[in-house]
Each structure stands twice: as C-alpha cells, then as structure tokens.
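Encoded as structure tokens, the structure appears first; notes follow it.
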Amino acid sequence: MSEKLPGDTARADREKDKANHMGKADFVGGVGIALFGILLIFVIIPLGTAKGEYYGLAPTFFPTLLAIGVTISAAFLAVQGWFKMRSGTDKRPMPITGWNFLMFLIAAALVTLGVAAIDYFGMMYAAPVLIAAFMLFLGEKNIIRIALTSTIPVAVVYLMATHVLRAPLP
Amino acid sequence: MLEQFMTAAGDVITIPVIGYIILGVLIGYVVGALPGMNRVTAIALALPFTFVMSPAAALSFLIGINKGGAAGAAVSAILLNVPGEPSAVVTTYDGYPMAQQGRGQKALKVALYASVAGDVFATLILIVLAQPLARFAVGLGPIELAAILIFSITFIAAVSGDSFFKALIAGFLGLLLSAPGLDKETGLPRLTFGMLELYDGIPLLAVAIGTLALSEILVQIDEGWRGQHSYPPIKQTEGSPEDRAFTRSDAKRIGPAVLRGSVVGTAIGILPGVGATLASFLAYTLTRNSSKTPEAFGTGVPEGVAASESADNATVPAALIPVFAIGVPGSLSTALLMGAFMLHGLTPGPFLFKESGDVVFSIYIGMIIASIALLGVGIFGQRIFSAVIQVRKSILLPIIIFLCIVGAYVEAGGMFGVYLMLGFGFFGYFMKKFDYSFVTFVVGYVLGPMAELTIRQSMIMSNGNPAILLKHPIAIGFLVLAVIAIWRFTIVGTRALRHGNPAAANEEEASGELKGP
C-alpha cells in the first residue's frame, strides 16, 4: 500500500467537495425557494391581491395554501441537500459550469435584444438580424446559408400570418 | 350516438381537416426524427397556429404531431444511434446494430409498423374506455375530484425527476402560476400588480413555449456550442433486397412483441406521469425475457425494435384516457393538449361527452385518420427523414427561437406575452439544469383552476371539518394512495440515501430494469 502524501488529504477533500455540488445546489435552492415561499405568504400575496368585500373563502386562500406547500417542500429539499452534503455520497457534479453559464448569458442577451429590436423595429426588419446573429453565434460561417435561413422562415411566417392565419405580427 | 357520429364524420372527413392532420403527422415525424427536438416543443410551437382551425381540426392536428413525434423518434435512433426522444433510447439497442449490419431500412419499417400497430391498439382502447369512465366520473363530487387531483400531482411528482421534493415544488409553482387574474369567486384582481394584461391570467402559450421550447433551445446552445451542432454521416451500409424488405415472416416474428408492447404501452400510458420511456423499457425487457434467445437482444433483433416502438406509440392515445374521462393530464404533451382544449372553448373531463359529444367523436375520427397518415407518411417519407435528421443545429435552433417569439405574440396579441415567454424560457433553463420536473410544473399550471375550484368547494362543504371525508370513500382511497406515493418516494428513498447509496435511492425511483442489454 502506498504511503499517504501530505497533499492527498487536501486533494481528497477537494474531490469530496466537487462530488457534493448537487447536494449543495439542492441545499441552496431549497433555502432560496423556502425564503421565496415565506415572501409569497407574508408580502407578495397579501399586497398583490385587491381588497374588497366577499363571502366564503378569501381570494388569497388558494395561493397562500400553495405558497405554504412550496415553503414546506423547499424546507425538506434543503434538509435533504444538507444530508447529501454531509454524507458526500451524491457523485453528480454541478449541472452548470462557468462556461455553460456564460453561453446561457450570451444566448439570453441575444434573444432579449432580438425581442426588443422586434418590438421597436418590427418583425420583418429585426427577425432576420436575430436569426443571423444566432447562426453566427452558433458557429455558422456560410454566408449563403445565413442569408437564406434568416430570410425564408420570416417570409413564410409573414405570408402565413397575413394570408392564412390572418393573425397580427409584431 | 349515431347522429353525433355522422355529424362528426361530416366535420372531419373534409379535405382541409385531413390536410391539417397529415401536416400534423408530418411535422411530428420530422421533429421526432431530429435529435434533441421533441414533440412537446412542436406542440407548444404549433398551438398558436391552430386558432384558425375548428376545435376538432385543431386537436386532431396536435394529436397528429404527438403521434408523428413518437414514431419519428425511431429514425435517428436507428440510423444515428441518437434517440430523437428519451423514449426511443431502447430502440437504439437493436435498431442501430441492424443499421450497422445493412438492415437499416428493415429496422425503420419494423419501427414504423410497430408504431402504427401500437397507436391503433391504444386508440381503440381509448374509444372503448373513455366514455364509460367519464360516465362514472360524472358522479364524482368536488371532494373526490380534489382528492384525485392531489393524488395525480403527488404521483407525478413521485415518479418524475430525481427528487420528489423538487418535483413537488415544481407542481406547487405550476399551480401558483394559475392564480394571477380575476378571482373566479369574488371577482377581485389577484396577483396582477396593476397589469391589465394579467386579468385573464398568465397566457398558456407564454408558459408552454417559454418553459418547453425556448428553455430546451437554451440548454442545447450551452451544451453543444460551436462545432457540435451536426451529426456524423450515417454509416449505413445497404444490404441485400431481403435485408431491406419487410416480409410476411418478419410480420409473424414481431407480432407477439408488438402485441406485448401495445398492451404495456396502453397500461402505462393511462398512469399519470409514468410516461413512454418506462413503457418502452418495460416492453423491451418483457420481450427479451420471454424470448428463446434473450442473449441475442442488443445485437440487432427486430423484436426489440418492435416492442419498444409499439409501447412508445401506444402511450400517446392511452394518455388521453384520463384527460377525456376526468380532465387530468398525466404528461407534458397531454397537458398541452388539455390547454388546447381550453383555448378552443372545450372543458376536458366527464362533461365533455355530454356538452361536446360531436367534438369528441370528431377527435376520435381524426385520431384514426392520423394513424393511417402515420403509416403513409412513414412509408413514403422514410428516405427523406433519413436526410432531414442531419440538418445542422446552427440552422435549426435560430429558426425555432424565431418561431417561439411569433407563437407567444399570436396568443397574447402583443409583446407582453413575448416578454413573459422570455422570462419563462430563462426560468425553464434553470429548472431543466437543476432537475426540477417540467411535467408537474405544466400539469400543475393546467390543473390550477380546477384544483382551486374543487378545493374551495370541498372546504365550504366540509366547513373545515376533515371528518366529512368519512362519507367519501373514493376520496379516502386516492388520499391514501397519495400518502403511499409520498412514503415510497421520500422516506424509503431517503433511507437508502442515508445508508450511503444514492444510486440505490435513485434506482428505487426509477424501475429496476432500466438498463440496456
């Protein structure tokens, strides 16, 4: 059996720490959602419901009941996450890495900007730019493919909405 | 009844409606065949385009997408070894080896015929069972219905995802999402925060498209960014004509497997939340265990493909049985279909047969036409779909994002719905990443109004006294089942976890037979 080196304990701790990520995520998520539930029960639901006269159960009854359900379930999740962290047996890694999150942020920013542009300039002008921007983001380099993909679907949707569905478009 | 049937036939057997159904099956088939895309995304995106259709045409079109999606998922599973949907994972076990041996065309045909057989079988069971069950459900009062809803959500939470509590949180949040708007009883605005757009509640399409379609695209973007958006070319070597053809002896050989798959798929499809994946695994395992050569499974056995595909497709019509009978959806696609019922002014549940019997018959006829269309589209389109599955994601994903925006705009008639959809898309991304169940979330949202009504009525009837339950044995039965589900999936699961074996805990939640050969 090989001799234990000084760095091994720290490395083992780091490995254990890594393995506990999902447990940590459950614990943090559980605590966060439980706090949100409490906020719902005592602040958001009472403030967000109009006051008035009524018979029977208050309009806040059902959402409050559900918020209590959210809070209790989240508290149990936090406890379960805590046990997972303590036992260090949940081997699943954190589902979001820094790289994943960066890609999500860029995609979310692109789609939000695209929607704002559609709102401001209209679908016919902004949608092809949004599609082209996403294609470039996803690594597409072929200009003809980008040009065709960003215009044909917009034209098809425009024709369908105006001639078949008779639906409004942004 | 005959008069209703004739009226329904007159409504459905028209060129435009049949055209919509074929289009639905075609869209479903293509989306199902595309790896990473799924029928739920397709239904969510197609919902806004059904506003111009009659209720029967719209629902048949959407059911066509659902059926086509279930069948299409086999194409990429067989040719690429990449299942179009999770339920097609089992099809890869024998489908892909068959393709590698030059029998890809035969595998596709086996999958198609098994899919159609499973689908027809379950459609007939739906037609036979739904109305008698609905007749029984008409007699149920609010206390029984509330108990059934509590059981359904608890059971779905228990069998979906890796954590019961996460699924339960998702269910409660989904139910909570149905609360904003004018309170039905008092007429007072609730959780609207002064926004007139919320007086009618949160629009279904904003929730459905955001959480089911946009979030899926965001996950795919972050997981396969740049360079990983296309699949390797299909390594399918063409075999002899016998290897490509589907012969009478093939039909004889796969017959028992198809029947087994159809029965298993139908039985599991009726249960809320269990889903097609478990059905196909179970049908495959049963077929392998009853085979004289179980060791051959996994090396390219047509029965394996037939069992999994027939079970997968049988779950689609079977999952509609509880929707038609008691108005409770058990899966994402049926929750969306239930939303579509509501958007078209229909109330799914026991009164559907009484109030809109002709529409129900129209849907039945539409479903049978969809089954025939499934066969036709599959036979004539298989070579085309084999090419379609290689479309680059850098082309596909931006188009879907664009369709998400248009779809959310159409229902709400303004940008408010689009911004809401974006919010739900981002929310859904984190739900998906951290394993919070989408099924309980969407089912909760769709069932919210019914849950509130029945729980409020029960509270008023009982005057807050739980002893009233003693007069309602059916309600007690469902509540006991809910408690058993909680016990089974929390206490037993947690004990396994505490003993240092989370895998055992997770496996207890899934089926013990979920591994491949």
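The values are calculated or read from the model by the stated rules, or taken from the named source; none is laboratory data. Keep in mind that what you see is a predicted model, and the values were worked out from it rather than measured. Glycine also receives a Cβ, built like all others from the backbone with ideal geometry; neighbour counts cover every protein chain displayed.
Within segment A:17-71, restricting attention to residues that are among the aromatic types (Phe, Trp, Tyr) and at the interface with another protein chain (Cβ under 9 Å from one of its Cβ atoms), the residue that is surrounded by the fewest Cβ atoms within 10 Å (Cβ to Cβ) is A:TYR55.
Looking only at segment B:201-226, how many residues end up being out of contact with any strand residue (DSSP E or B) (no Cβ under 6 Å at 6 or more places or on another chain) and either in a loop (DSSP other than H, G, I, E, B) or aromatic (Phe, Trp, Tyr) (or both)? Break it down stepwise before answering.
Residues of segment B:201-226 out of contact with any strand residue (DSSP E or B) (no Cβ under 6 Å at 6 or more places or on another chain): B:202-226.
Add one more test, that the residue is either in a loop (DSSP other than H, G, I, E, B) or aromatic (Phe, Trp, Tyr) (or both), and what stays is B:202-203, B:224-226.
The total comes to 5.
In the set (1) under 20 Å from the mean Cα position of the chain (by Cα); (2) surrounded by fewer than 21 Cβ atoms within 10 Å (Cβ to Cβ); (3) at pLDDT 90 or above, B:PHE427 fails one condition alone, (1).
Residues in segment B:94-111 that are within 24 Å of B:VAL263 (Cα to Cα) and buried (at least 24 other Cβ atoms within 10 Å of the Cβ): B:ASP94, B:GLY95, B:LYS106, B:ALA107, B:LEU108, B:VAL110, B:ALA111.
I need a count of the residues in segment A:115-129 that are surrounded by fewer than 18 Cβ atoms within 10 Å (Cβ to Cβ), assigned to a helix (DSSP H, G or I) and more than 8 Å from every other protein chain (Cβ to nearest Cβ).
7
Take segment A:142-164 and flag every residue that is surrounded by fewer than 18 Cβ atoms within 10 Å (Cβ to Cβ) and either of a type in the set (A, V, I, L, M, F, W, C) or touching an Asp or Glu at 6+ places or on another chain (Cβ under 6 Å) (or both). Can you show your working first?
Quick first cut of segment A:142-164, residues surrounded by fewer than 18 Cβ atoms within 10 Å (Cβ to Cβ) only: A:142-145, A:147-148, A:151-152, A:155-156, A:158-160, A:162-164.
Matches in segment A:142-164: A:ILE143, A:ILE144, A:ALA147, A:LEU148, A:ILE152, A:ALA155, A:VAL156, A:LEU159, A:MET160, A:VAL164.
Could you please find all residues in segment A:130-163 being modelled with pLDDT under 85 and at the interface with another protein chain (Cβ under 7 Å from one of its Cβ atoms)?
Our first condition is that a residue be modelled with pLDDT under 85; within segment A:130-163, this holds for A:160-163.
Answer for segment A:130-163, where residues must be modelled with pLDDT under 85 and at the interface with another protein chain (Cβ under 7 Å from one of its Cβ atoms): there is none.
What do you reckon, is B:PHE281 touching a Ser or Thr at 6+ places or on another chain (Cβ under 7 Å) and either surrounded by 21 or more Cβ atoms within 10 Å (Cβ to Cβ) or outside any helix (DSSP H, G or I) (or both)? So B:PHE281 fits the description; yes. Taking the listed residues B:LEU182, B:LEU149, B:LEU168, B:LEU177, the one that is among the hydrophobic types (A, V, I, L, M, F, W, C), touching a strand residue (DSSP E or B) at 6+ places or on another chain (Cβ under 9 Å) and within 13 Å of chain A (Cβ to nearest Cβ) is B:LEU182, with no other qualifying. Contact map, segment B:296-310: residues that are on the phi > 0 side of the Ramachandran plot paired with residues that are of a type in the set (S, T, N, Q), Cβ distance under 6 Å, separation 6+ or inter-chain. Pairs shown: B:GLY300/B:GLN101.
Out of B:ALA170, B:ALA130, one residue alone is crowded, with 19+ Cβ neighbours inside 10 Å and closer than 15 Å to B:ILE326 by Cα. It is B:ALA130. Applying the criterion of being touching a residue at least 60 places away in the same chain (Cβ under 8 Å) and outside any helix (DSSP H, G or I) to the residues of segment B:133-144, the residue that is surrounded by the most Cβ atoms within 10 Å (Cβ to Cβ) is B:LEU140.
Take A:MET94 and decide whether it is assigned to a helix (DSSP H, G or I), in contact (Cβ under 8 Å) with a residue 60 or more places away in the chain, more than 9 Å from chain B (Cβ to nearest Cβ) and under 30 Å from B:PHE165 (Cα atoms). Please lay out each step first, then the result.
Values: assigned to a helix (DSSP H, G or I): no; in contact (Cβ under 8 Å) with a residue 60 or more places away in the chain: yes; more than 9 Å from chain B (Cβ to nearest Cβ): yes; under 30 Å from B:PHE165 (Cα atoms): yes.
So A:MET94 fails the test.
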